[in-house]
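Quick note: the coordinates plus some simple rules give every number you see, no bench work behind them. Being a predicted model, the structure only gives us computed values, none of them experimental. Neighbour counts are summed over all protein chains in view; Cβ atoms, including those assigned to glycine, are modelled from backbone coordinates with ideal geometry.
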Ligand code: C2E
Ligand code: CA
Ligand code: CA
Ligand code: CA
């Protein structure tokens with residue numbers, strides 16, 4: 001009883017009240033940002049064994065007029081909680097497909113794949129498949145160039161619905177990657193049933209990769225799992241040549257990370273290194 005009595009004033013503490021206010025302000029500003037074009041896509045290259053750029057992941061950025069650059073780590077969780085992830089996700093989908101439409105008409109870009117992050121709430125919208133189709137057709141994007149990155153938590157909620165939507169989109173050529181693989185709670189049964197194309201090894205398992213650490217067996221197991229399910233595998237967060245070499249040794253030949261390129265504004269992203277373009 002004493003503990004309860006002590007806990008009550010906590011609910012009205014000035015700190016909590018301030019935090020709540022700050023969250024509400026940020027939420028209001030994010031809503032404004034979505035409507036007023038303060039969001040941008042940055043692109044991070046994805047490369048193959050020869051370091052050729054084979055695609056890019058689109059990562060959303062918020063250029064706040066007063067606060068400057070706000071990191072997605074800060075506003076994506078807030079967007080998820082508040083439901084703003086739906087308009088935000090729609091914007092990313094439109095912008096991504098608009099970009100793919102442009103790429104289709106530029107020979108150096110036309111073979112690239114573009115990966116978009118899709119949140120669980122967004123994917124679970126009953127009209128999600130329609131939204132994707134509409135965005136593709138509106139911008140004449142090549143559906144075969146679009147990859148959607150999903151997370152394992154989708155499987156917990158509604159595996160049948162998830163599979164059905166994936167199959168519909170795959171029929172027109174859209175690909176699927178399972179993001180942050182290894183950090184969630186995938187059941188092997190569902191993993192086998194999911195119409196996936198790629199597993200994405202989470203940065204957590206890449207970070208500590210060296211020739212002699214504990215992380216290697218986990219990365220090795222993920223690569224082996226991908227191979228036995230006949231899925232592609234890509235590692236995220238590759239920062240060092242050692243990490244790349246260990247991954248290559250395990251059989252992972254696609255990479256994304258600062259070693260190959262940081263996320264760049266769309267206008268600055270190019271699949272061919274500057275030196276080769278000028279040659
Ligand atoms: P994620 O999907 O796992 O994206 C990878 C994150 O790792 C990105 O952070 C990227 O900038 C960062 N990264 C890439 N290479 C390296 C590296 O070599 N080392 C390190 N330390 N980090 C690296 P970012 O851009 O801050 O995005 C954070 C998260 O926000 C993303 O994680 C994703 O979950 C979410 N997010 C970003 N854009 C979107 C979006 O358009 N929609 C949704 N739903 N979520 C998004
Ligand atoms: Ca991702
Ligand atoms: Ca990821
Ligand atoms: Ca991650």
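Observations, loosely collected:
- Restricting region 239-260 to residues that are buried (at least 19 other Cβ atoms within 10 Å of the Cβ) and more than 16 Å from ligand 4 (Cβ to nearest atom), the residue that is nearest to residue 226 (Cα to Cα) is 250.
- Residue match in region 135-146 (condition: outside any loop (DSSP other than H, G, I, E, B) and within 16 Å of ligand 2 (Cβ to nearest atom)): yes
- Within region 130-150, not a single residue is surrounded by 20 or more Cβ atoms within 10 Å (Cβ to Cβ), within 13 Å of the chain's Cα centre (by Cα) and over 23 Å from residue 263 (Cα atoms).
- Here is the figure for region 112-129: residues that are surrounded by 14 or more Cβ atoms within 10 Å (Cβ to Cβ), over 16 Å from the mean Cα position of the chain (by Cα) and without any contact (Cβ under 8 Å) to a residue 60 or more places away in the chain total 4.
- Annotation for region 155-166: at least one member residue is surrounded by fewer than 22 Cβ atoms within 10 Å (Cβ to Cβ), more than 15 Å from the chain's Cα centre (by Cα) and in a loop (DSSP other than H, G, I, E, B).
- Residues that are touching a helix residue (DSSP H, G or I) at 6+ places or on another chain (Cβ under 6 Å), closer than 16 Å to residue 267 by Cα and part of a helix (DSSP H, G or I), drawn from region 64-120: 97, 100
- Among residues of region 155-181, those that are within 12 Å of ligand 1 (Cβ to nearest atom) and in contact with a helix residue (DSSP H, G or I) (Cβ under 7 Å, 6 or more places away or on another chain), counted: 1
- Pairs meeting the criteria (first residue in region 165-186 and at positive phi, second residue exposed (fewer than 15 other Cβ atoms within 10 Å of the Cβ), beta carbons under 7 Å, at least 6 apart or on different chains) are 173/144.
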